[in-house]
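Just below is one structure, and these are the notes that go with it.
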């Protein structure tokens, strides 16, 4: 039997490969982006409470009303934007699912999608599975800013979507209001749709602020915005996310969503709704910056080169050019096998596998995990 190959990716994802290698080699896993510390005890109690309160059956297709309302209240408080919980918010089983569903809602065969690279590895398979063409545009190293002239040059009459990601995975770069203004100038008088991946929106450092597309009145009208509870509340295994979009976009999104999963984990929705409604939540940005700062200070004791500290997310990109001239995939495997620390090669985030001798560390780990990893890396 022959199965159709609907996208260009082969094998399993780099995250699966490196995590499996880390386990096989008993290495410290700083590759895949998941925390190794517990969630807030109160959030765990609320999940148990949900099962006792009877939230064990299907939730409504768009999500529990109380969770959508809690999200709306949260965004009004944190960003000063009004979001209709009934017509503009849809709860999803994770943000990666939301990205796929948003693409499927709008793409047709022959459409083109601009992807700023390096990029999260699900984007391109999602686009190609929907019969559309990927148009990669490289970001400018070492700060990984957008070269807007290259974006303009990439736009054609077939351009349907531009996907952006801030704070950025894998580099930790963040967008400014000026970036959004420039994008608005470029897409004005077109029908180009924006997919804004903002899953790390609450993990921004050094006194900087996340600037959301929702705060840009002009762009908001043409945008799907995707979020992840897992990245904010350290519970990636819950696979809980959501999509915010104008009502017309949300109708198209739900048209696909209702036949993909229909309903999302009811107890988790209840727990998150109650948790978001607490008077005060932990300062996750400050906590993550403390981990980033510790990791950066420890990295200085190794031969790795830090071109720029991450401004957001929970990833730090470094150069190993002073250590080896191996290709980055080979170096990442060697580092895992010989020195017991797993990372992700940045070439995995490029469609052409561009190799700049860079790797990505995840610092969303316990302090002792980071310290143990550096102990091993000092021996390089």
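The values are calculated or read from the model by the stated rules, or taken from the named source; none is laboratory data. Given the structure is predicted, the values throughout are model-derived calculations rather than measurements. Ideal geometry is used to build each Cβ from the backbone, glycine not excepted, and the neighbour counts take in all protein chains shown.
Hey, does segment 359-371 have a residue that's outside any strand (DSSP E or B) and without any contact (Cβ under 8 Å) to a residue 40 or more places away in the chain? Explain how you work it out, then say what you get.
Let us first name the residues in segment 359-371 that are outside any strand (DSSP E or B), namely 363-371.
Then keep just the ones that are without any contact (Cβ under 8 Å) to a residue 40 or more places away in the chain; that gives 368.
Yes, segment 359-371 contains at least one residue that is outside any strand (DSSP E or B) and without any contact (Cβ under 8 Å) to a residue 40 or more places away in the chain.
Would you confirm whether or not segment 342-361 contains a residue that is closer than 22 Å to residue 16 by Cα, exposed (fewer than 14 other Cβ atoms within 10 Å of the Cβ) and not assigned by TED's automatic domain parsing to the domain that holds residue 164?
The answer is yes, given that some residue of segment 342-361 is closer than 22 Å to residue 16 by Cα, exposed (fewer than 14 other Cβ atoms within 10 Å of the Cβ) and not assigned by TED's automatic domain parsing to the domain that holds residue 164.
So is residue 87 under 28 Å from residue 60 (Cα atoms), out of contact with any helix residue (DSSP H, G or I) (no Cβ under 8 Å at 6 or more places or on another chain) and in the same structural domain as residue 182 (by TED's automatic domain parsing) or not?
No: the conditions fail for residue 87.
Being more than 30 Å from residue 140 (Cβ to Cβ), surrounded by fewer than 21 Cβ atoms within 10 Å (Cβ to Cβ), modelled with pLDDT of 95 or more and in contact with a strand residue (DSSP E or B) (Cβ under 8 Å, 6 or more places away or on another chain): is that true of residue 93 here?
Numbers: more than 30 Å from residue 140 (Cβ to Cβ): yes; surrounded by fewer than 21 Cβ atoms within 10 Å (Cβ to Cβ): yes; modelled with pLDDT of 95 or more: yes; in contact with a strand residue (DSSP E or B) (Cβ under 8 Å, 6 or more places away or on another chain): yes.
Yes.
Using the structure shown, decide if residue 377 is under 16 Å from residue 119 (Cα atoms) and crowded, with 20+ Cβ neighbours inside 10 Å. So that I can check it myself, show each step before the final result.
Working: under 16 Å from residue 119 (Cα atoms): no; crowded, with 20+ Cβ neighbours inside 10 Å: yes.
In short, no.
Which condition does residue 123 not pass, out of (1) modelled with pLDDT under 95; (2) in contact with a strand residue (DSSP E or B) (Cβ under 6 Å, 6 or more places away or on another chain), if it passes all the others?
Against the list (1) modelled with pLDDT under 95; (2) in contact with a strand residue (DSSP E or B) (Cβ under 6 Å, 6 or more places away or on another chain), residue 123 comes up short only on (1).
Only one of 74, 111 is within 21 Å of residue 234 (Cα to Cα) and surrounded by fewer than 19 Cβ atoms within 10 Å (Cβ to Cβ); which? Let's see the steps before the verdict.
Numbers: 111 fails: within 21 Å of residue 234 (Cα to Cα).
74 is the lone residue from the list that is within 21 Å of residue 234 (Cα to Cα) and surrounded by fewer than 19 Cβ atoms within 10 Å (Cβ to Cβ).
Let's see how each residue does on (1) over 30 Å from residue 329 (Cα atoms); (2) touching a residue at least 40 places away in the same chain (Cβ under 8 Å):
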site	(1), (2)
10	no, no
13	no, yes
20	no, no
42	yes, yes
54	yes, no
97	no, yes
104	yes, yes
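Can you confirm whether residue 273 is in contact (Cβ under 8 Å) with a residue 24 or more places away in the chain, in a loop (DSSP other than H, G, I, E, B) and crowded, with 20+ Cβ neighbours inside 10 Å?
On the way: in contact (Cβ under 8 Å) with a residue 24 or more places away in the chain: yes; in a loop (DSSP other than H, G, I, E, B): no; crowded, with 20+ Cβ neighbours inside 10 Å: yes.
No, not satisfied.
For segment 2-55, which positions are part of a helix (DSSP H, G or I) and within 30 Å of residue 127 (Cβ to Cβ)?
Taking segment 2-55 first, the residues part of a helix (DSSP H, G or I) are 14-24, 41-52.
The answer is 14, 15, 16, 17, 18, 19, 20, 21, 22.
For residue 82, indicate whether it is free of Cβ contacts under 8 Å to residues at least 12 places away in the same chain, surrounded by fewer than 18 Cβ atoms within 10 Å (Cβ to Cβ), assigned by TED's automatic domain parsing to the domain that holds residue 262 and assigned to a loop (DSSP other than H, G, I, E, B).
Numbers: free of Cβ contacts under 8 Å to residues at least 12 places away in the same chain: yes; surrounded by fewer than 18 Cβ atoms within 10 Å (Cβ to Cβ): yes; assigned by TED's automatic domain parsing to the domain that holds residue 262: yes; assigned to a loop (DSSP other than H, G, I, E, B): yes.
Yes: the conditions hold for residue 82.
Hey, among the residues in segment 157-172 that are farther than 19 Å from residue 220 by Cα and touching a strand residue (DSSP E or B) at 6+ places or on another chain (Cβ under 7 Å), which one's surrounded by the fewest Cβ atoms within 10 Å (Cβ to Cβ)?
Step by step, filter segment 157-172, then rank; the result is 158.
Test each condition in (1) in contact with a helix residue (DSSP H, G or I) (Cβ under 6 Å, 6 or more places away or on another chain); (2) closer than 18 Å to residue 245 by Cβ; (3) not in a loop (DSSP other than H, G, I, E, B) for residue 66 and report the one that comes out false.
(2)
Among all residue pairs at least 6 apart or on different chains, which show Cβ distances below 7 Å where the first residue, located in segment 311-326, is at positive phi and crowded, with 16+ Cβ neighbours inside 10 Å and the second is modelled with pLDDT of 95 or more and in a loop (DSSP other than H, G, I, E, B)?
Partner pairs satisfying both residue conditions: 313/167; 313/168; 313/169; 313/172; 313/200; 313/203.
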